[in-house]
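The values are calculated or read from the model by the stated rules, or taken from the named source; none is laboratory data. Given the structure is predicted, the values throughout are model-derived calculations rather than measurements. Neighbour counts run over all protein chains shown; Cβ positions are idealised from the backbone, glycine included.
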Amino acid sequence: MDLATLLQMLDATLRLATPLLLACLAGLYSERAGIFDIGLEGKMLAAAFLSAAIASVTGNVWLGLLAGIGASMALSLIHGLASITFRGNQLISGVAINFLAAGLTVVVAQSWFRQGGRTPQLSGDARFDSITLPFAETLRDVPVLGTIYYELISGHTILVYVALLLVPVTWWVLYRTRFGLRLRAVGENPAAVDTAGVSVVGLRFAAVAICGVLCGIAGAYLATALQAGFTKDMSAGRGYIALAALIFAKWRPWYALFSCLLFGFLQAMALRSDVVADVIGFALNGQLLDVLPFILVVVLTGFVGKATGPKAGGQAYVKER
Amino acid sequence: MTDIAPAIELKGISKSFGPVKANKDISIRVMPGTIHGIIGENGAGKSTLMSILYGFYKADAGEVFIGGEKKNITDSQAAIAAGIGMVFQHFKLVENFTVLENIVLGAEDSGLLKPSLARARRELKSLADEYELNVDPDAVIQDVGVGMQQRVEILKALYRKADILILDEPTGVLTPAEADHLFRILENLRREGKTIILITHKLREIMDITDTVSVMRRGEMTATVKTSETNPPHLAELMVGRKVLLRVDKAPAQIGRKILEVKDLNVTDAKGVHRLKGISFDVHAGEILGIAGVAGNGQSELLEVLGGYEKATGSIMMNGEAIDLTGAKSDGQSRRKRGIAHVPEDRQREGLIMDFHAWENTGFGYHHDEKYQKNALFMDNAALKRDTEEKMARFDVRPPDPNLAAKSFSGGNQQKIVLAREIERNPDLLLIGQPTRGVDIGAIEFIHQQIVALRDQGKAILLVSVELEEILSLSDRIAVMFDGKIMGERMPQNTDEKELGLLMAGMTGGHS
């Protein structure tokens with residue numbers, strides 16, 4: 001395998017890791033505040049659909065992105081109402097959101113566009129274009145470093161850079177700000193936050209809202225940047241992989257980046273089975289490569305079985321007598 | 001003097017939870033710079049009253065005045081703003097945060113943490129010097145002892161400029177030495193003009209440190225008196241509503257043969273922590289061996305091993321025969337067959353199934369008994385119910401209704417149900433953990449009498465309790481546990497709380 005092929009693989013890794021990373025960070029905010037969110041998948045799917053639909057109708061991808069965030073936020077609000085306000089079971093609420101999104105997106109897409117549950121192909125301003133970073137063209141011929149800069153670092157859509165930037169931002173918010181301190185506290189011991197005179201409900205809704213925004217970006221990325229339009233079930237289990245990545249990362253932002261890159265790399269391998277065959281010397285069944293990320297999920301979560309998440313995760317807060 | 005406004009004045013506070021009246025028309029005045037005790041049995045309404053003062057509950061009726069001003073305390077934030085700080089019985093700390101982070105949580109100066117943490121660090125130092133409130137600001141809560149955790153809670157309140165400090169059962173988890181330290185802190189705070197409300201069920205603490213004391217019974221405030229003008233029997237009478245025998249009457253022990261012999265017992269738990277480190281002791285017929293110690297020093301594991309639901313290495317001889325500690329016969333059922341009865345420490349988790357009826361609960365562990373079987377397939381429920389009714393009568397369980405769920409009984413009556421089940425089997429050895437935890441004074445008297453009566457029948461009793469007073473008054477011999485080891489054995493007549501307290505803290509007696 002030469003440098004060019006390797007760079008192509010890594011380039012694909014980055015592109016495929018981006019929605020995982022966005023969803024993983026979304027889950028991180030929510031779960032750090034004590035709200036389990038199994039509905040990342042559904043929120044991404046809803047956002048993918050609405051962003052593609054609006055981008056297709058208006059021809060403006062930015063409006064599409066906003067619509068996608070809106071759709072995801074609406075589902076987040078439902079999850080928040082169910083699990084924070086009405087103290088319902090967070091897993092059930094999340095599963096319900098996944099079902100709702102899986103069904104609703106296809107039905108609405110069909111009645112709206114009549115293309116068999118998909119949106120029209122997006123092109124031009126209705127999609128996110130890759131952007132070329134400054135000096136990429138000039139440095140392109142510098143051996144190795146220039147090539148890496150041009151091929152791997154430059155030439156992605158803006159959302160990829162947003163996702164990468166969100167890693168240090170999340171770390172900073174979590175560990176260096178008042179909001180972060182309270183967020184982490186409410187996921188560990190909401191009673192401590194409550195008796196300190198801070199609203200548990202307010203904090204948890206804020207976390208769920210941030211989760212909605214990030215899931216919205218992740219979904220919009222799927223339909224308007226990675227692909228050119230919405231297709232049925234296009235989130236394809238990424239929400240669950242993001243959850244597994246979150247557990248593997250032990251709910252920490254930098255670890256989340258690395259675990260999402262790992263899962264992205266596995267997905268890239270499935271895309272480039274020819275390269276894999278080339279490296280290992282024989283052809284692997286394509287379907288085996290497809291399920292590899294999910295196998296890894298099982299293996300890894302088994303491995304880090306003792307990873308303990310936020311202590312108050314999954315429990316509604318009720319004042320004790 | 002009379003023109004000083006009281007620090008706290010409550011007027012006509014009432015609060016109901018459904019049909020239960022937790023607080024009935026309660027009025028109280030606490031003067032600034034005093035320590036005011038509130039004493040009462042479990043469920044008397046002490047905690048509810050303080051929760052109203054701290055904004056956790058909204059009172060149905062009544063008014064709150066702080067420093068002479070009427071306040072409407074709707075939530076904890078309003079309570080903090082009014083200068084009230086609360087140290088809950090179960091600490092409200094974030095376990096994986098540092099001391100410093102816990103202190104600034106909710107009282108940060110700005111959006112960024114750094115300046116807040118720096119200011120808190122400086123202030124902590126001056127508070128520590130002023131009040132003997134020394135803590136390590138960078139230690140993580142889960143790594144420090146309960147004593148320091150409690151000081152962090154007090155510091156949290158002081159950092160928020162509290163003038164009024166409420167402490168709910170603060171000494172329950174402390175060693176005697178730590179409790180003394182706490183009382184020194186409280187005295188320092190009083191000297192600086194802070195007002196302190198101390199909620200407790202321990203009469204001695206009230207006598208030792210408070211200036212005035214209010215007694216609560218069944219949601220009502222039955223009396224408020226100057227501490228110097230009262231005494232423990234009088235307070236106990238006010239709490240229970242009748243005269244109570246505070247000390248246990250018992251004849252000298254008639255020590256018989258050796259019933260239980262424990263040698264070199266070791267337990268390592270699932271996390272790999274060494275919980276019991278080579279424990280050895282004997283218990284004889286007609287003797288109560290009391291195990292003293294601060295909670296969490298291996299007493300629970302010891303009871304679990306003896307009761308048959310924790311594996312161990314070492315040897316246990318019961319009536320001269322070895323007991324299986326790891327194999328197939330190492331379970332509660334086999335232990336019961338060998339004559340070991342067990343009243344577990346946590347009656348709600350290990351002793352009873354809370355949603356099951358009393359008659360079902362009195363059968364547990366003995367449901368294979370011949371007399372409970374109707375035929376090969378079915379149990380004789382009618383026999384069980386009859387049996388339960390008789391037990392309830394003998395043990396004065398109220399209400400004496402076998403069809404009530406275990407959770408509908410008060411703590412004391414739940415304990416009597418467990419005790420009836422275990423004692424009435426005529427065991428050779430009774431294991432009993434925290435017999436009077438969460439039990440009213442009236443019921444304590446009864447339970448203590450039952451334990452002594454069993455001893456006088458020539459049974460061996462192993463008593464585990466964190467209440468030193470209980471250990472001292474019941475035991476014929478006392479062993480003190482610390483960090484999974486027995487620090488030493490003492491005879492109750494030759495020792496006192498001070499010496500036992502040192503042993504409980506891991507110091508081998510005052511002789512060295």
task: Scan segment B:453-512 for residues that are loosely packed, with under 14 Cβ neighbours inside 10 Å, assigned to a helix (DSSP H, G or I) and either among the charged types (D, E, K, R) or in contact (Cβ under 8 Å) with a residue 12 or more places away in the chain (or both) and jot them down.
output: B:ASP456, B:LYS498
field: The lone exception for B:ALA5 - which of (1) more than 27 Å from B:GLU237 (Cα to Cα); (2) touching a Gly at 6+ places or on another chain (Cβ under 8 Å); (3) more than 14 Å from chain A (Cβ to nearest Cβ); (4) crowded, with 16+ Cβ neighbours inside 10 Å it fails
entry: (4)
Counted residues, segment B:427-445 - those being in a helix (DSSP H, G or I) and modelled with pLDDT of 90 or more: 0
message: Can you find, within segment B:76-85, the residue that is surrounded by the fewest Cβ atoms within 10 Å (Cβ to Cβ) among those that are touching a residue at least 12 places away in the same chain (Cβ under 8 Å) and more than 7 Å from chain A (Cβ to nearest Cβ)?
response: B:ALA78
task: Name the residue, out of A:ALA207, A:ALA192, A:ALA218, that is surrounded by 24 or more Cβ atoms within 10 Å (Cβ to Cβ), free of Cβ contacts under 8 Å to residues at least 60 places away in the same chain and under 24 Å from A:VAL173 (Cβ atoms).
output: A:ALA192
task: Only one of these is surrounded by fewer than 17 Cβ atoms within 10 Å (Cβ to Cβ), within 14 Å of chain B (Cβ to nearest Cβ) and at pLDDT below 90: A:THR301, A:THR308. Name it.
output: A:THR308
query: Where in segment A:84-149 are there helices (runs of 4 or more DSSP H), lying fully within it, with 2 or more residues that are touching a Gly at 6+ places or on another chain (Cβ under 8 Å) and within 23 Å of A:SER51 (Cβ to Cβ)?
result: A:90-113
query: Just wondering, is there one or more residues in segment A:195-202 that are in a helix (DSSP H, G or I), within 14 Å of another protein chain (Cβ to nearest Cβ) and surrounded by 17 or more Cβ atoms within 10 Å (Cβ to Cβ)?
result: yes
message: From the list A:ARG178, A:ARG127, A:ARG140, A:ARG118, exactly one residue is of a type outside the set (A, V, I, L, M, F, W, C) and within 14 Å of another protein chain (Cβ to nearest Cβ). Which is it?
response: A:ARG178
Boolean, A:MET234 is in contact (Cβ under 8 Å) with a residue 60 or more places away in the chain and not in a helix (DSSP H, G or I): yes
query: Yes or no: A:TYR255 hydroxyl-bearing (Ser, Thr, Tyr) and touching a helix residue (DSSP H, G or I) at 6+ places or on another chain (Cβ under 6 Å)?
result: no
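One line per residue, one yes/no per condition, for (1) surrounded by fewer than 14 Cβ atoms within 10 Å (Cβ to Cβ); (2) hydroxyl-bearing (Ser, Thr, Tyr); (3) within 7 Å of another protein chain (Cβ to nearest Cβ); (4) within 30 Å of the chain's Cα centre (by Cα):
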{"residue": "B:LEU105", "(1), (2), (3), (4)": "no, no, yes, yes"}
{"residue": "B:GLY111", "(1), (2), (3), (4)": "yes, no, yes, no"}
{"residue": "B:LEU127", "(1), (2), (3), (4)": "no, no, no, yes"}
{"residue": "B:ALA139", "(1), (2), (3), (4)": "no, no, no, yes"}
- request: Would you check if there is a residue in segment B:117-126 being in the same structural domain as B:THR48 (by TED's automatic domain parsing), touching a residue at least 40 places away in the same chain (Cβ under 8 Å) and farther than 25 Å from B:ILE28 by Cα?
  value: no
- request: With the checklist (1) surrounded by fewer than 14 Cβ atoms within 10 Å (Cβ to Cβ); (2) in the same structural domain as B:GLU310 (by TED's automatic domain parsing) in hand, flag the one item B:GLU370 doesn't pass.
  value: (2)
message: For segment B:89-101, give me each residue that is within 26 Å of B:LEU198 (Cβ to Cβ) and more than 7 Å from chain A (Cβ to nearest Cβ).
response: B:GLN89, B:HIS90, B:PHE91, B:VAL99
- line: When segment B:385-411 is checked residue by residue, the ones that are without any contact (Cβ under 8 Å) to a residue 40 or more places away in the chain, assigned to a helix (DSSP H, G or I) and crowded, with 21+ Cβ neighbours inside 10 Å are B:ASP387, B:THR388, B:LYS391, B:MET392
- prompt: So, of the residues in segment B:248-272 that are part of a strand (DSSP E or B) and among the charged types (D, E, K, R), which turns out to be farthest from B:PHE446 (Cα to Cα)?
  reply: B:ASP264
query: Say we look at segment A:150-182 and pick out the residues that are β-branched (Val, Ile, Thr) and assigned to a strand (DSSP E or B); which of these is farthest from A:ALA220 (Cα to Cα)?
result: A:THR177
- prompt: A:ALA316: within 30 Å of B:PHE17 (Cβ to Cβ), assigned to a loop (DSSP other than H, G, I, E, B) and out of contact with any Ser or Thr (no Cβ under 9 Å at 6 or more places or on another chain), yes or no?
  reply: no
